[in-house]
Amino acid sequence: MPVEIRVPSLGESIVDAVIASWLKHEGDNVSQGDALVELETDKVNVEVTAELNGVLQKIIKQEGDTVAVDEVLGVIEEGAAAGNGQKTSAERQQPPVQAASKDEPSTGQQSPLQLTGEPRRAPTGQRPPVQEASDGQRPPSPLARRIAAEKSVDLSQVQGTSPHGRITRDDVIRYLDEKTQQVAPTPDTAEQATASPVPSPAPVQAPAAAQVPPPVQPLPHGREERVRLSRRRQTIAQRLVEAQHNAAMLTTFNEIDMSAVMEVRSRRKESFKERHNVSLGFMSFFTKAVVGALKAFPRLNAEIQGNEMVLKYYYDIGIAVGAEEGLVVPVLRDADRKSFAEIERETAELAKKARENKLGLSELQGGTFTITNGGVFGSLLSTPILNAPQVGILGMHKIEQRPIAVNGQVVIRPMMYVALSYDHRIVDGREAVQFLVRVKELVEDPETLLLEG
């Protein structure tokens, strides 16, 4: 009996998605729970799974199509069990195809994955499908697929470097760079090839025509490249512009002496990790400090709705994470009720999920304030953009040894610049400056975090 594959509910305020890639082909056997198709939404990628055992009979919507919630993507014919070693009826009707020898290069025409059912042919004007992982790992990311197709890269030759072995955009670009370096000889190599290794007793000057000039190094990716923006990147661009247009955004700065925090970490890090099985980082200190400052200045934990200001007395702190497809901000719920260990553990888990594209929509919604750390990339100072509808965001930066004056003496201390961007419509400059000063005071005196964080 045919069963329709439909777009599931995508979460609050998300009404459609783009088909990033089909993970199965027409005619493939599927088991209940197998991932069939990957959908790209404004916030996360969602995998649609099979609800029963059978055969993927028909793909209705193609990669790149925009689909709405509950729209039909394809059809599964119920009854065939996946992995039983039997071919489908479509496979039995397919004429035999001679397999290529292991020594023969790939022609790029048909792969074993295309021999089930009707051969997959790329429509006129479209790129042929890219090979999927066949070793049990997750398939390549959609962006990696696009680049591989545009550059005619065989993904089976690319080594994935992510923790789960998935091939990402960076892996494909690294592979292209390595291939370019292997093909193009360097000027030093060319000179060595044209030079005589042993001087002749009676040297004869070679004619000018025999001199081989060093080859010109080719550009690895051409002079220009046109790449479609992913759905998430389009949404990020739209939201950032909206934040600047809709909010009266202003940024204030301060600097923090990190000596006390670094001393506590140095003294406690080994016992902390042994007891909690997680490292003691800076994020827990800053999260606690932000919560303490938000309690003192509640307008930084609010949002504007029409002609009203909504003050929030819960503290769901967004932690900005740079992922392959763009920046995401998973939310640390009820941060005021969590210990240092719980904050570090949950922050690490959220960051890992973000990098592996495994975040759920519920983990991205409802934050009240955001912390972003450009210091991990080497940023010394920046002005973070608000994560609307929030009215405050704290920017952390790189720690540097700098000379400062302490009690009339010049000393070298580990210093960090911090920045607070805020919405001037409901947060006055006085409140913003005092908020950031309070964060500074709490971080420079970590013991107070136990009382006020």
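The values are calculated or read from the model by the stated rules, or taken from the named source; none is laboratory data. Everything quoted here is computed from the prediction, not taken from an experiment. For the accessible areas, the whole protein counts, side chains as well, though only heavy atoms, and no ligand, DNA or RNA atoms are used. Shrake-Rupley method; radii C 1.70, N 1.55, O 1.52, S 1.80 Å.
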Whether region 321-453 is rounded, prolate or oblate, judged on the alpha carbon gyration tensor where a/c under 1.5 counts as rounded:
prolate
Under 16 Å from the Cα of K398, which lysines turn up, not counting those fewer than eight places away in the same chain?
K440
Sorted list, accessible surface of protein heavy atoms, 1.4 Å probe, largest first, for K353, K440 is K353, K440
Given pairs K269/K312; K24/K61; K43/K288; K312/K358; K58/K353; K43/K352 and cut-off 24 Å on Cα-Cα distance, the over-length ones are K269/K312; K43/K288; K312/K358; K58/K353
Given the convex hull over the Cα atoms of region 9-53, what projected area results after averaging over all orientations, in nm²?
3.4
